[in-house]
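Step one of this worksheet: look at the structure below.
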Amino acid sequence: MSPPDPPRASQSFVEKGGEAWARMQDQTDALIEPLGRIAIERLGVAAGERILDVGCGCGQTLLQLADIAGPTGHVLGVDISPPMLGCARERVAGRPTIALALGDAQTYTFACPAFDAVYSRFGVMFFDDHRAAFRNLRGAARSGGRLSFVCWQEMAKNPWASLPLEAVMRLLPASAMPDMLREGRPGPFFMSDPARVRAILGDAGWTDVSIEPVEMPLHLGGAATLDEVVEYSLQIGPAARATTDAPETLKPALAAALREAFAPFASARGVYMDGAAFVVVARA
């Protein structure tokens, strides 16, 4: 029997960060949309299918999936963040084939088996109990249904995350390191171990698991200038989590450290840094 997932202290970071994510939806979409679109392509959505979008956030992927499924299809988006779901609700207004639900996909009661496909763009790394969550999602999928999600590889392969974090941690006490960013803790990089991913999905009843590494330059926060990327990184991402409780007197120094870290990556086309993710597909 595989060991249980380590416990997570709380979901407060999701609730607290939801407002920032909703406020900066366009910038975040610019960062992760190219990776999410690959996962949509691997899902192979057909017209008329019913799709579950796990951690649908502010709604960009809902629209993309609904466009492919067409007028006879249906997309249900589930997210635990009221601010983000509110943003998605505005974004998908007037689209009758899209529905939204506020809830945790780990425990949400779905009409089972209801979905031809289950999809997630960076929304499956934060569960309290990943095996229970993927069992619940397996129960929501029809027999033969498909799963596709994109998650980050290890932080060391994602300098867009690691370099700004290192820059601010030089000015902060070790205790400022968020628990979710520590090795083996549920959080943004929890699904970065392929063996862990296979064990979780296998225990949850998913088969034919494929894990595809994808690496590409990412437009960090859609930033055109250093000022924009610093502002984004103080609100979204690992550096933002580490600096949440920093004293106001330290904020100028933190911003300066981030600016220095990002400077080598700025160009006339914006601020781009390398990113590495896994696109995972499986079958119910």
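Going residue by residue through segment 179-191, is there one that turns out to be modelled with pLDDT of 95 or more, crowded, with 17+ Cβ neighbours inside 10 Å and in contact with a Cys (Cβ under 7 Å, 6 or more places away or on another chain)?
Looking through segment 179-191, at least one residue is modelled with pLDDT of 95 or more, crowded, with 17+ Cβ neighbours inside 10 Å and in contact with a Cys (Cβ under 7 Å, 6 or more places away or on another chain).
List, please: which pairs have Cβ atoms under 7 Å, are six or more places apart or on different chains, and start with a residue in segment 163-187 that is more than 18 Å from Glu248 (Cα to Cα) and end with one that is of a type in the set (Asp, Glu) and assigned to a loop (DSSP other than H, G, I, E, B)?
If the second residue must be of a type in the set (Asp, Glu) and assigned to a loop (DSSP other than H, G, I, E, B), the pairs left are Pro186/Asp5.
For segment 37-44, does any single residue satisfy the condition of being among the β-branched types (Val, Ile, Thr), assigned to a loop (DSSP other than H, G, I, E, B) and buried (at least 17 other Cβ atoms within 10 Å of the Cβ)?
No: zero hits.
Assess whether Ala263 counts as being outside any strand (DSSP E or B), under 21 Å from Leu31 (Cα atoms) and either touching a Pro at 6+ places or on another chain (Cβ under 8 Å) or without any contact (Cβ under 8 Å) to a residue 40 or more places away in the chain (or both).
yes
Looking at the structure I just gave you, is Ser210 modelled with pLDDT of 95 or more, crowded, with 16+ Cβ neighbours inside 10 Å and of a type in the set (Gly, Ala, Ser)?
So Ser210 fails the test.
Given the conditions (1) outside any loop (DSSP other than H, G, I, E, B); (2) surrounded by fewer than 23 Cβ atoms within 10 Å (Cβ to Cβ), which single one is not true for Leu171?
All conditions are met except number (1).
Tell me which residues, restricted to segment 229-260, are outside any helix (DSSP H, G or I) and either touching a residue at least 60 places away in the same chain (Cβ under 8 Å) or under 22 Å from the mean Cα position of the chain (by Cα) (or both).
Leu234, Gln235, Ile236, Gly237, Thr243, Thr244, Asp245, Ala246, listed by residue number.
Given the options Arg138, Arg196, name the one that is under 26 Å from Pro34 (Cβ atoms), of a type in the set (Lys, Arg) and at pLDDT 95 or above.
Checking each option against the conditions leaves just Arg196.
Check every one of the strands (runs of 3 or more DSSP E) wholly within segment 66-166 and list those with 3 or more residues that are surrounded by 19 or more Cβ atoms within 10 Å (Cβ to Cβ).
74-79, 115-121, 141-152
Limited to segment 177-225, what total is found for residues that are outside any loop (DSSP other than H, G, I, E, B), within 13 Å of Glu154 (Cβ to Cβ) and of a type in the set (D, E, K, R)?
Summing the residues that are outside any loop (DSSP other than H, G, I, E, B), within 13 Å of Glu154 (Cβ to Cβ) and of a type in the set (D, E, K, R) in segment 177-225 gives 2.
The values are calculated or read from the model by the stated rules, or taken from the named source; none is laboratory data. For clarity, every value in this text was computed on a predicted model and none was experimentally measured. So basically every Cβ, Gly included, is an ideal-geometry build from the backbone, and we count neighbours across all protein chains shown.
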